[in-house]
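Written below as structure tokens is the structure these notes are about.
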Amino acid sequence: MEFLIFGLPLMYYVAMVAKVVVAFVFVLLTVAYATYAERKIIGHMQVRLGPMRTGWHGLLQPIADGLKLFFKEEIIPSQASTFAFLIAPLIALIPAFITFAVIPFGGTVEVMGYKIPLQIAAYYDTAAGKVFDINVGVLYILAMSSLGVYGIVLAGWASNSKYSLMGGLRASAQMISYELAAGLSIIAVFMLSGTLSMTEIVAKQSGMGGFDWYVFRQPLAFIMFFICSIAEINRTPFDLPEAETELVSGFCTEYSSMKYAMFFMAEYANMITVCALTTTLFLGGWNGPLATTFPLLGPVYFVGKVYFLIFFCMWLRATVPRYRYDQLMHIGWKVFIPLALLNIVVTGIWNFIIQ
Amino acid sequence: MNPIKTFVPIINGLKITLKHMFMKPVTLQYPTERPKVAARFRGLHALNVSHNKAKCVACYLCPTVCPAKCITVEAGEDANHDKFAAVYEIDMLRCIFCGYCVEACPVDAIRMTGEFELANYSRKDFVYSKERLLEKK
């Protein structure tokens, strides 16, 4: 007789905790070493070396940075709104991490006779014989990523500083306008997949030896979504909320110590999430050659694709200078939104003709 | 907006940055790696030695030509009734390392070395006396 808690076997809870821990540690480590990788990659792209002193080729640099920030003095400006000032970094950080809950990072693996789908918010129903996950996974991600803007706006407003306020305002305008374009551009994908569940979207891309990716059917949507995502997470070339040349450090000007580090972690965690989401929607998620026969290859393909996209973000950062604010708004409202709408119409007509 | 005009420069830029990534970095890991000092580099001065004493005859040409007025010379007379520099000081805080003193010297008594790490803790340590200048081989 199986031991049940709330109608679910004990193994379900063990697997769930294990998945959460593994995914969380993976994201945290990637965040830490993304900072290192970024400094190294951009360094070499500028024919420099990047960090070299802490540890072999500077490998301990993220740890040293973390320790340094941890022991720095916490400064709260006397005119700041203290509660909002304290809560803002958390509001920025938490949505950045919890979006990872619905992203499938592998197929279904079997541990001690119990099938575990490699996606945090999912479980394998033995009676139905299929994986159940949140059937509106993408909607959840869009909701969470738009929550992140509150952290930045609140940080900008609560600091009671002109630079911070300008940064916060820019962030809100930018994130909201690019969210529209990003949301519209992935609608074309849902028109092909017919579902919002991440697991099924990945499953739909498993054809042709694991290469039936939506990027080949929707290249325009892929490019638009990736660019809009970069703009939405405030990365160069769209990092206007923290434009150093104009706004000192934008919304995090008044922040110090660990709270400043939290904004940085949120930024990098957002980058990972966006790259993971792009991988899932367009690059076939964990699909690849032989991924269905060897389930453990799935996470390898997934991580490889995500890291490639992260590398691409860094590559872009080393290449493209920051856009001006009016150019940013022009691209968002006058180029991407009409293009995304056109893409939806064309996809709709195409689907109708095929049927 | 012309998509070709927008994307082609970005793609060209991406190519350049990728090419640079595989180039040898120009960074010099300074304290562990030393820079190659050029043969005619103008660093710290040194007084040349001949027959176990400084070649300087205290002719005052170097303090005269010095545009920064950083050289102090006082002449003395030794046992053989020869003129020599009893005091020879260079104030490194004022020196502009122009090398005019080397050019002006008629007896080749002063030269400039490749030493460039001249930081110090107090102002008086920047005034190099004759003994310190002689030590520089």
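Since every read-out is calculated from the coordinates, none of them should be taken as a lab result. If you're wondering where the values come from, they're calculated on a predicted model, not measured in any experiment. We place every Cβ from the backbone using ideal geometry, glycine too, and count neighbours over all the protein chains shown.
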**Asked** In segment A:1-98, which GluC sites (Glu not before Pro) are in a loop and have at most 14 other Cβ atoms within 10 Å, using DSSP for the loop call?
**Response** A:Glu2, A:Glu73, A:Glu74
**Request:** For chain A, list log₁₀ I(q)/I(0) at each q in 0.09, 0.13, 0.14 Å⁻¹, using the Debye formula over Cα point scatterers of equal strength and ignoring solvent, two decimals each.
**Result:** -0.54, -1.08, -1.22
**Prompt:** What is the fewest-to-most order of B:Glu33, B:Glu103 by other Cβ atoms lying within 10 Å of their Cβ?
**Reply:** B:Glu33, B:Glu103
**Prompt:** For the pair A:Ile187 and A:Val109, what calculated FRET efficiency results from E = 1/(1 + (r/R0)^6), where r is the Cβ-Cβ distance and R0 = 41 Å, to the nearest 0.05?
**Reply:** 0.80
**Asked** Which pairs break 31 Å Cα to Cα here: A:Lys204/B:Lys5; A:Lys40/A:Lys334; A:Lys19/A:Lys259; A:Lys162/A:Lys334; A:Lys72/B:Lys15; A:Lys19/A:Lys305?
**Response** A:Lys204/B:Lys5; A:Lys40/A:Lys334; A:Lys72/B:Lys15
**Message:** Output needed: percent of Cα pairs per 10 Å distance bin for segment B:6-100, bins running from 0 to the one holding the longest distance.
**Reply:** 12, 26, 20, 13, 11, 9, 6, 2, 0
**Message:** Please compute the modelled spin-label separation between B:Glu115 and B:His81, points set 7 Å along Cα→Cβ, answer in nm with one decimal.
**Reply:** 3.7
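How much space per residue, in cubic angstrom, does the convex hull of the C-alpha atoms of segment B:45-135 take up? Intermediate results must be reported in sequence, preceding the final value.
Working: hull volume 8.8 nm³, N = 91.
Here the figure is 97 Å³ per residue.
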**Item:** Order of A:Ile176, A:Ile310, A:Ile354 - criterion: other Cβ atoms within 10 Å of each residue's Cβ, fewest first
**Value:** A:Ile354, A:Ile176, A:Ile310
**Request:** Determine the shielding of peptide A:318-325 by partner chains: average, over its residues, the number of Cβ atoms on other chains within 10 angstrom of each Cβ.
**Result:** 3
**Message:** Just to verify a number: FRET efficiency for A:Phe211 and B:Thr27, C-beta to C-beta distance, R0 = 56 Å, to 0.05?
**Reply:** 0.85
**Prompt:** If one takes the longest principal axis of the Cα atoms in chain B, at what angle in degrees, from 0 to 90 and to the nearest 10, does the Cα axis of helix B:3-21 lie?
**Reply:** 50
**Prompt:** By how many degrees, between 0 and 90 and to the nearest 10, does the Cα long axis of helix A:82-98 differ from the longest principal axis of chain A?
**Reply:** 30
**Request:** Let me know the mean shielding of B:6-14 by other chains, meaning the per-residue number of their Cβ atoms within 10 Å of its Cβ.
**Result:** 3
**Request:** Show that you can apply the helix-only estimate: for chain A, add -39,500 (n - 2.57) for every DSSP H stretch of four or more residues, divide by all residues, and state [θ] at 222 nm to the nearest 500.
**Result:** -20500 deg cm²/dmol
**Fill in**
If each K or R counts +1 and each D or E counts -1, the residues other than A:Met224 whose Cβ falls under 13 Å of its Cβ total -2
**Request:** May I ask for the angle, rounded to the nearest 10°, between helix A:61-70 and the longest principal axis of chain A, with both axes built from Cα atoms and the value confined to 0 to 90°?
**Result:** 60
